[in-house]
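Visitor: Following this message is one structure expressed as structure tokens.
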4 protein chains.
Amino acid sequence: MRAVVYHGAREVSVEEVPDARIERPTDVLVKVTSTCICGSDLHMYEGRTSAEAGKVLGHESVGEVVEIGPAVDRIKVGDRVCVPFNIACGFCRNCERGETAYCLTTNPGQAGAAYGYAGMGPYRGGQAELLRVPYGDVNCLRLPPDAADRENDYAMLADVFPTGYHATELAGVQPGDSVAVFGAGPVGLMAAYSAMLRGASMVLVVDHQSDRLRLAEKIGAIAVDDRQGDPVDQILDHTRGMGTDKGCECVGWQAHDSEGHEHPASTMNNVVRSVRAAGAIGAVGVFVLSDPRSPDTLMRKGEVAFDMGMFFQKGLRIGAGQTSVKAYNRRLRDLIAAGRAQPSFLVSHNLGLDEAPDAYLHFDERADGWTKVVLHP
Amino acid sequence: MRAVVYHGAREVSVEEVPDARIERPTDVLVKVTSTCICGSDLHMYEGRTSAEAGKVLGHESVGEVVEIGPAVDRIKVGDRVCVPFNIACGFCRNCERGETAYCLTTNPGQAGAAYGYAGMGPYRGGQAELLRVPYGDVNCLRLPPDAADRENDYAMLADVFPTGYHATELAGVQPGDSVAVFGAGPVGLMAAYSAMLRGASMVLVVDHQSDRLRLAEKIGAIAVDDRQGDPVDQILDHTRGMGTDKGCECVGWQAHDSEGHEHPASTMNNVVRSVRAAGAIGAVGVFVLSDPRSPDTLMRKGEVAFDMGMFFQKGLRIGAGQTSVKAYNRRLRDLIAAGRAQPSFLVSHNLGLDEAPDAYLHFDERADGWTKVVLHP
Amino acid sequence: MRAVVYHGAREVSVEEVPDARIERPTDVLVKVTSTCICGSDLHMYEGRTSAEAGKVLGHESVGEVVEIGPAVDRIKVGDRVCVPFNIACGFCRNCERGETAYCLTTNPGQAGAAYGYAGMGPYRGGQAELLRVPYGDVNCLRLPPDAADRENDYAMLADVFPTGYHATELAGVQPGDSVAVFGAGPVGLMAAYSAMLRGASMVLVVDHQSDRLRLAEKIGAIAVDDRQGDPVDQILDHTRGMGTDKGCECVGWQAHDSEGHEHPASTMNNVVRSVRAAGAIGAVGVFVLSDPRSPDTLMRKGEVAFDMGMFFQKGLRIGAGQTSVKAYNRRLRDLIAAGRAQPSFLVSHNLGLDEAPDAYLHFDERADGWTKVVLHP
Amino acid sequence: MRAVVYHGAREVSVEEVPDARIERPTDVLVKVTSTCICGSDLHMYEGRTSAEAGKVLGHESVGEVVEIGPAVDRIKVGDRVCVPFNIACGFCRNCERGETAYCLTTNPGQAGAAYGYAGMGPYRGGQAELLRVPYGDVNCLRLPPDAADRENDYAMLADVFPTGYHATELAGVQPGDSVAVFGAGPVGLMAAYSAMLRGASMVLVVDHQSDRLRLAEKIGAIAVDDRQGDPVDQILDHTRGMGTDKGCECVGWQAHDSEGHEHPASTMNNVVRSVRAAGAIGAVGVFVLSDPRSPDTLMRKGEVAFDMGMFFQKGLRIGAGQTSVKAYNRRLRDLIAAGRAQPSFLVSHNLGLDEAPDAYLHFDERADGWTKVVLHP
């Protein structure tokens, strides 16, 4: 089968690799029809992770089931499915509480596995023609009959839509809340979109890329352009000086200013400054255990200069981490199926698998208009 | 009336000041019978806050109502009451959600007021013969008829018992959980005690003072002496390498090692290292907006080198801040009244008001056996 | 002042009564500009309650503050306010937990007080030129500067919008849920509207009045006309035989079929039949402690033939009762102010106070098109 | 293998049946070492259910794993395990939310399966030498090395301890709460015990059997003997007329008075009368969809004369149904392992499998001292 293979910093190619196949009785084999490039793939692409050469990339996949193992009971050949980025067993202590992002079975010694990702286990990714899905009954989300017509909407269910939603869940966004979202990349936009779906009264989205801020406005949010002044001041102006009820950090450790200089603590501390007393924060932008190449000395060992004084004085709460996709993907699928959500507004490019190297290059450059790429093998 | 007055770093005296009195129709006047010295009073005592000379100290008070304003409906003269350390209006946006620690009315421009505390409004403290309680119907907790017999138990309801409980609430401690508590001062011991009351299966308490660790063991917790090796390693040993389900930070920014050197991030990061993936943390040890006298350069502006990488990778949640005492004091009172809780195990010294200067000195030295002082004016 | 006065079954008149005035230092006096007739007023109107002759009716009021008592700190003369139907002290055990509908202070011997309502205390109602608001700082919701332009929207905040929202809160409606709402009166429509605001994927509204079902469709719900077959069957058809995730009972004990015969248990049991296993129900339609005039013998002593077998087998949850308006009115106000909610779509008639008797008559007849009446004194 | 087989009302025998064996790749085979008779088995024993002759009974089993299917990854031969009474797939919509009592896979057309129980699927029970456990990785709870020493404690984890705990969870019992428990059978005693573990300040247990009331007192609860007057009056006396914060219904549809007459609604309505306004109720006593043999005409079709008027006026919440054992069994196991819980205080009789017919007889008679029987095959 053909697949997108990582070879080193800024080097990916599309090449022939051995076919994915059923290896365990609980496996499901999926013929991939749509698979996205994720912002988190760029951390690997830029050589900022421990990804090894030869890895097949991709963790956002939709397709058709072509084979099932003998212990698979729920999923049938021919089902159209969306595959969450996390690989979960369904029965460990964390999975049974719905914390499938922290599965204790699928990546021994760690908590949590994923397809085609550095440090997340030996699994090959979905930017390929075929994908082996372990514990297929647990990990496949069945799609409705009209799946093919809205495949780009359903493709968002593998990662970015649940991840954006997770930010709002960690922050406890409720109807009527005002919400500040830092970062208008795909995850930030999905957080803003989720906040709107949950009935927020005002959603403020901070970024410095005009194309992304325009998308934020398109979904009913207020764009806050941080090239035009301190975003926290702008947020305070929009909220009579009180700050927002809730905040979402959707940038992570490679946060940088509009000149491109990295400041790992900057967006996180800005969220703390933006949220009102007794508020709450969801943080889904990635922070890593160490980054030897970071320009910031604390960040090299995974630390940031966090504004704990203000965090404590305001009595805030924060939840962080990867999303347990299964916690949300059914309900978000139902919203898509009912026509109440169309997350594919994000998608800027539909390309063939062979165009992946070029797509990585442009997406990594945050080239104007490259918000989200879907590859169709 | 006589009262404990702050004059500057390590200078307090007991002196005559004008009587507290009814000033507003919603006020209640309490004759104080028990009033404690709090660990947070020591931040002022050591000159590490903005406290002004002349301030009457004390925010943990129990006593008898001697006068009420004309708009007071619930509280009657003669009632025995415990007064929460936070002063709340009961009707602002935060109070109406139970977040009385972040009252928007009683300390204009800030969120939250307290008696006799730096930065918490102009209110005089309770280490005095009389205490004016604003919004008395909101702020007085009525005690049962046997209050005098168990006054030291009920005195713990003004701050330390609810504050320790708050740590366990922020951490979401549930029956069967294992819990790591950093700090065996009064608040840490109350957090451990609260975790036991909530049905924790194992509570590990970290400190380096033998007298406090002994108290931890007395209430059924496991003492972890950090003089005997990395406390995180010891906690991992107790939990088959998994870490605890929940963690409580009960030390704050003046965290120091057993030689007395301050490391503001140390206990917080140790909690992050001690808690298992998908766990949660309550942080009630105080962090301030700035501390110009801190030996740590980040802490001077309120920041700490927080291990955000591990926090994110583990998918943790943390809540911080002062306790809204009213959220818990009724239920904790009911536990005392039913004989199911005796938080006064903490109290090491019952003294007269005039002995306050001496008590401050010894308590500040963490002199052996000085865990909690109650003054009886 | 002029006011709507109850005299007996189907007898109300508009007449001169003594002016409302400040009686306690915590009172606020409001000049009423909008005041609605509520479906629950009809229970009194029809003589099905213990309401005494001479009672001034009305518990849904918006107006301008014209005088405040000396202990009022937050509310100022000139403020535009909406007054929740429940009268709360703000400091009792129930109020401090946000359960203001069950205030233990304002209606001694009962839990909960209201304006102008049978069994809810001695308070005069708001269908009048002036309204005395006890504990004004607690009970007045301040409205934004544009309040006059959207007064009908804000008038819905006194009762029906929070009450409909409460049904969805008790049922735990989450994004993506399917929801069955029984009853398309004002409260049912507000429940459906709230479910949509909370991100439901499908809302099914059951009734047998065409005008009301049309309003349900207007807000994006699916109308289920129970004249056209068993509504439960229709709901199962819409949900592939599974039933909805959540259900709302918005009818109450005077539930009747399309021929007008009362069956007190019918809608409640239909909700139980409509909701899927492990689902949840919010019940805000009123049930009374006894109704000597009920055609149903059980209901005469407040009982209904509840389908406990199915309730248990499905593992359902239900919450019932009056709404603590203050739990929701700020967030719903913010949605109106932001233009994200326009609950006034309900309002069918804007009338003068003197037209009240006529309005009661037509509203009680459920005359076609009479969904909600706002009186403007 | 030998097993307890149901033949009809009050007819069970121990006989040879075909060995249980691995049938599906995800199965686990357990050699049963302890297996209890449950109060719910008595509903079948008395002929009040649809149980068919030939059914092997028993759904509370502990034992040793003797064989595993080829798709079992977590459970190993030799593991000591406790098997929850519900049989769950782990991957359906309900299981993935932790609602394993309402599994949609294991009992097609219903929600929820169990071993050896009427209407809960074709599974043979555990009152036998061997038990086939479907989806073994999902359904087996591993026990610690000391399991054999405390086997009676761990045997309580299969049903009664989690079921009693579930009542307190549905009721939302929190530290400091007062709790009324109706029924001092095994489940009621476990509810009372769970309430104590969760930090209740006062637990009142209602029954009319002296031996059971004595056990309630032994665990720190207050016994309320309903032979000595209306139990609701007694509860009100204990709570200054206010009622308890929370209530648990642990009797079910065969509720009867001390003379043995059945009144299906009586305990449920007594709970409603006993709980204070804005309180909550957990109902784990079984109610069935129909009972043609019931003396109560409503109950024949699954209905009870529920006091909806008081339920609504008090603004109560109630949750009902079977327990999803997996939601609690890990945490309760950890409490047993830590020595913080000893639920085996319940067990009155340890018998051999062959003594089952006699044990059924006495347990069904509620013979004095027969609180809980454990069979050791």
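Visitor: Among A:Gln322, A:Phe363, A:Ala277, whose Cα sits farthest toward the positive end of the charge dipole of region A:253-377 (+1 at Cβ of Lys/Arg, -1 at Cβ of Asp/Glu, about the Cα centre)?
Guide: About the Cα centre, the residue reaching furthest to the positive side is A:Ala277.
Visitor: Averaging the inverse of every distinct alpha carbon separation and then flipping it gives the Kirkwood radius. What is it for region D:286-377, in angstrom units?
Guide: For region D:286-377, the Kirkwood estimate is 17.5 Å.
Visitor: Can you compute 3J(HN,Hα) from phi for each residue in region C:239-251, using the Karplus curve 6.51 cos²θ - 1.76 cosθ + 1.60 with θ = phi - 60°, rounded to whole Hz and x for Gly and Pro?
Guide: Along region C:239-251, the couplings run 10, 6, x, 8, x, 8, 5, 9, x, 10, 9, 10, 10 Hz.
Visitor: Still on this structure, please answer the following. What share of all Cα pairs of chain B, in percent, falls into each consecutive 10 Å distance bin?
Guide: 5, 25, 35, 25, 9, 1, 0
Visitor: Please compute the contact order of chain C in relative form: average sequence separation of alpha-carbon pairs under 8 Å and at least six residues apart, divided by the residue count, as a percent.
Guide: It rounds to 17 percent for chain C.
Visitor: Sorted by average packing, counted as other Cβ atoms within 10 angstrom per residue and highest first, what order do B:251-257, A:330-336, A:153-159 take?
Guide: A:153-159, A:330-336, B:251-257
Visitor: Related question: Work out the P(r) tail for region B:160-320: percent of alpha carbon pairs separated by more than 25 Å, whole number.
Guide: Beyond 25 Å sits 22 percent of the P(r) for region B:160-320.
Visitor: Another question, then. Just to check, using Stokes-Einstein with a Kirkwood Rh over alpha carbon pairs, what's the diffusion coefficient of region A:92-193 at 4 °C and 1.567 mPa s in µm²/s?
Guide: 82 µm²/s
Visitor: Using only the Cα atoms, work out Rg/Rh for region C:228-329, with Rh taken as the Kirkwood radius, to two decimals.
Guide: In region C:228-329, Rg relative to Rh is 0.99.
Visitor: How large is ³J(HN,Hα) for each residue in region D:315-324, as worked out from phi by the Karplus curve 6.51 cos²θ - 1.76 cosθ + 1.60 (θ = phi - 60°), to whole Hz, x for Gly and Pro?
Guide: x, 8, 10, 9, x, 9, x, 5, 8, 7
Visitor: Could I ask something else about it? Above 62 angstrom, tally the Cα pairs of the protein assembly as shown and express them as a % of all pairs, no decimals.
Guide: Beyond 62 Å sits 12 percent of the P(r) for the protein assembly as shown.
Visitor: When Cβ neighbours within 10 Å are restricted to other protein chains, what is their mean count per residue of peptide A:314-325?
Guide: Counting Cβ atoms of other protein chains within 10 Å of each residue's Cβ and averaging gives 6.
Visitor: Let me ask you something else. Helix-only mean residue ellipticity at 222 nm, chain C, DSSP H runs n ≥ 4 weighted -39,500 (n - 2.57), per residue, nearest 500. What is it?
Guide: -6500 deg cm²/dmol
Visitor: I've got another one for you. Quantify how strongly other chains surround peptide D:68-76 by giving the mean number of their Cβ atoms within 10 Å of each of its Cβ atoms.
Guide: Counting other chains' Cβ atoms within 10 Å and averaging over D:68-76 gives 4.
Visitor: So what is the relative contact order of region C:160-320, in percent, for Cα pairs below 8 Å that sit 6 or more residues apart?
Guide: 23 percent
Visitor: Using amide H atoms built in the peptide plane, which far-off residues or other-chain residues are under 5 Å from D:Asn86 H to H?
Guide: It is D:Val325, by chain and number.
Visitor: Sorting check: for A:191-202, A:18-29, which peptide has the highest mean count of neighbouring beta carbons within 10 Å, and how do the rest follow?
Guide: A:191-202, A:18-29
Visitor: With each pseudo-label sitting 7 Å past Cα toward Cβ, what's the D:Ala9-A:Glu217 distance in nm, one decimal?
Guide: Reported label-point gap for D:Ala9 and A:Glu217 is 7.8 nm.
Visitor: Sticking with this one: Mind giving me the nanometre distance, one decimal, between the label points for D:Asp19 and D:Leu289, set 7 Å out from Cα along Cα→Cβ?
Guide: 3.7 nm
Visitor: A follow-up question, please. For region A:169-233 and region D:287-355, what is the centre-to-centre distance using only Cα atoms, to the nearest Å?
Guide: About 46 Å separates the Cα centre of region A:169-233 from the one of region D:287-355.
Visitor: Counting only other chains, and only Cβ atoms inside 10 Å, what mean value do you get across the residues of D:281-293?
Guide: Mean number of neighbouring Cβ atoms from other chains: 3.
Visitor: Another question about this same structure. How would you order C:50-57, B:81-88 from highest to lowest mean count of nearby Cβ atoms within 10 Å?
Guide: Final packing ranking: B:81-88, C:50-57.
Visitor: Let me ask something else. Roughly what would the spin-label model give for B:Glu262 and D:Asp257, points 7 Å off Cα along C-beta, in nm?
Guide: 7.3 nm
Visitor: In debye to the nearest 20, how big a dipole does chain C give about its Cα centre with +1 on each Lys and Arg Cβ and -1 on each Asp and Glu Cβ?
Guide: Computed charge dipole of chain C: roughly 1200 debye.
Visitor: Can you sort A:Glu262, C:Glu99 from fewest to most other Cβ atoms within 10 Å of each residue's own Cβ?
Guide: Going from least to most buried by this count: A:Glu262, C:Glu99.
Visitor: Does anything in region D:64-85 have its amide N under 14 Å from the 7 Å Cα→Cβ label point of D:Lys31, and if so which residues?
Guide: Only D:64-68, D:77-81 fall inside the zone, counting backbone N under 14 Å.
Every read-out reported here was derived from the displayed coordinates using simple, explicitly stated rules and does not represent laboratory data. Since the structure is predicted, the reported quantities are computational estimates derived from the model, not experimental observations. Counting neighbours? That spans all protein chains shown, and the Cβs are built from the backbone with ideal geometry, glycine included.
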